[in-house]
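One structure below.
Laboratory data are not the source of any read-out in this text; all were calculated from the coordinates shown. Since the model is a prediction, treat every value here as computed from it, not as a measurement. Counting neighbours? That spans all protein chains shown, and the Cβs are built from the backbone with ideal geometry, glycine included.
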């Protein structure tokens, strides 16, 4: 069931509605990553002198510029740990579009689900953002000092949080809150496994930019298959 849902999500790339949602999600992810990069760049330029005097060498210029270029590579590496919070931050803004595209193609017999108000979607999307940023930065430290084992723990944690957020928001489109949460609890291990399978590619630079939309489509398929 899980692999079938993932395959169905990837199989919808030819759908124009799905591609629109994909480009929108991609633009949001890039915008937030660039905002984070701009913040890092500003900190580097504020606290780094443009010239530095070294013993035996003398005065060296352009240190801030050099570190600014290095910060771009640093942000690319940082995206490994920050794409899950990025995916969480904007989930509600594109989830309805993705779910509508999936349902129009694969579950056309269903009536149109009501769309959540923009402000509600934004609040729901930002709810876990701070927690996810903190967890993923902690995971980065564990990764550095544990020979990579911290990444496995991070995948497990992020897989749980992603499955909880994505599936709940999709289920709430068609179920009352109590039923949606009960459905998630009854299928928590299956959903957690799916979340981990989404968290792994979210830690791969460039690939991770496309994965939030793919994750939304996957959990939409999973919701309908579990309901069936």
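Details
- Full extension of the chain between residue 149 and residue 188 gives 11.6 nm of extra length, using 0.36 nm per residue less the Cα-Cα distance.
- Here the extension length gained between residue 141 and residue 42 equals 33.4 nm, from 0.36 nm per residue of separation less the Cα-Cα distance.
- Residue order, fewest to most beta carbons within 10 Å, for 133, 207, 86, 214: 207, 133, 214, 86
- Highest average packing first - 177-186, 159-168, Cβ atoms within 10 Å: 159-168, 177-186
- Point-to-point label distance, residue 134-residue 77, nm (Cα→Cβ direction, 7 Å offset): 2.5 nm
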